[in-house]
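Colleague: Sharing a structure here in structure tokens format.
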Amino acid sequence: MGHQTAAPEYSLHYASSLLPSLTVPGKSKRKRRSTCPVSVSLEVFGDRWSLLIVRDLMVRGFRTFKEFQESGEGIATNILSDRLKKLEASGIITAEIDKVDRRRVSYQLTEKGIGLAPVLLELLVWGARHNETAAPCAIVDGMVRHRDMILAEVRRRWKDRDPTPLQIDGEWRLPW
């Protein structure tokens, strides 16, 4: 009999491995067209604008409507407003009135929102490997090698409410 090599162990956790059961208190009970977890997830953040807003909160340190609007993606103000409301209603982000300027709203990721960090990192790596993008190969390879470190830094910044971006004007500021 041949020797079988064990699969490599990763410290990246999947949502399914963290859930003790299939029923989660407080989950929406509304009728869905499918009970497939991928389909249900896509109902929450399945359009490009929602994921780009989450990316901008997580990677670029954006917090305000104006910052999202000026991100360079070309999102219309009505679409941006709608997606921010949907992300808030889904528990992905929270909106807080600025203490200094009460007309200004600051958006933050929730625990549920920061849980998308591994998903966004994998989308970034997949997109850079299979499409022409502005992400240099060396940076993407480094992200793959230092996946756990990047995810830990994203979580630390979120927990500490550290607005320091991981990317400024397209330039990555990575923790290695």
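Colleague: Go through (1) without any contact (Cβ under 8 Å) to a residue 40 or more places away in the chain; (2) at negative phi one by one and return the number of the condition residue 72 breaks.
Modeller: For residue 72, the failing item is (2).
Colleague: Write out, first by first residue and then by second, each pair whose Cβ atoms fall under 9 Å of each other, whose residues are 6+ apart or on separate chains, and whose first residue, in the range 90-101, is touching a residue at least 24 places away in the same chain (Cβ under 8 Å) and surrounded by 10 or more Cβ atoms within 10 Å (Cβ to Cβ) while the second is assigned to a strand (DSSP E or B) and of a type outside the set (Phe, Trp, Tyr).
Modeller: 92/109; 93/108; 93/109
Colleague: Out of all the residues in the range 130-143, which are touching a helix residue (DSSP H, G or I) at 6+ places or on another chain (Cβ under 7 Å) and exposed (fewer than 14 other Cβ atoms within 10 Å of the Cβ)?
Modeller: 133, the sole residue that qualifies.
Colleague: I'd like the full set of residues that are within 16 Å of residue 171 (Cβ to Cβ) and either modelled with pLDDT of 90 or more or part of a helix (DSSP H, G or I) (or both), limited to the range 125-136.
Modeller: 128 - this is the single residue of the range 125-136 that is within 16 Å of residue 171 (Cβ to Cβ) and either modelled with pLDDT of 90 or more or part of a helix (DSSP H, G or I) (or both).
Colleague: Could you list, in sequence order, all residues of the range 51-76 that are more than 19 Å from residue 164 (Cβ to Cβ), in contact with a helix residue (DSSP H, G or I) (Cβ under 8 Å, 6 or more places away or on another chain) and not in a loop (DSSP other than H, G, I, E, B)?
Modeller: Result: 51, 65, 69.
Colleague: Looking only at residues that are in a loop (DSSP other than H, G, I, E, B) and acidic (Asp, Glu) in the range 144-172, which one is surrounded by the most Cβ atoms within 10 Å (Cβ to Cβ)?
Modeller: 162
Colleague: Which of the residues spanning the range 107-124 are surrounded by fewer than 17 Cβ atoms within 10 Å (Cβ to Cβ), outside any helix (DSSP H, G or I) and either aliphatic (A, V, I, L, M) or in contact (Cβ under 8 Å) with a residue 40 or more places away in the chain (or both)?
Modeller: 108, 115
Colleague: Of the numbered conditions (1) part of a helix (DSSP H, G or I); (2) surrounded by 18 or more Cβ atoms within 10 Å (Cβ to Cβ), residue 79 fails exactly one; give the number of that condition.
Modeller: For residue 79, the failing item is (2).
Colleague: Mind checking whether some residue in the range 41-50 is under 28 Å from residue 174 (Cβ atoms), among the basic types (Lys, Arg), part of a helix (DSSP H, G or I) and at pLDDT 90 or above?
Modeller: There is no residue in the range 41-50 that is under 28 Å from residue 174 (Cβ atoms), among the basic types (Lys, Arg), part of a helix (DSSP H, G or I) and at pLDDT 90 or above.
The values are calculated or read from the model by the stated rules, or taken from the named source; none is laboratory data. As the structure is a computational prediction, the values presented were derived from the model and not from experiment. Cβ: placed from backbone, ideal geometry, glycine included. Neighbour counts: every protein chain shown.
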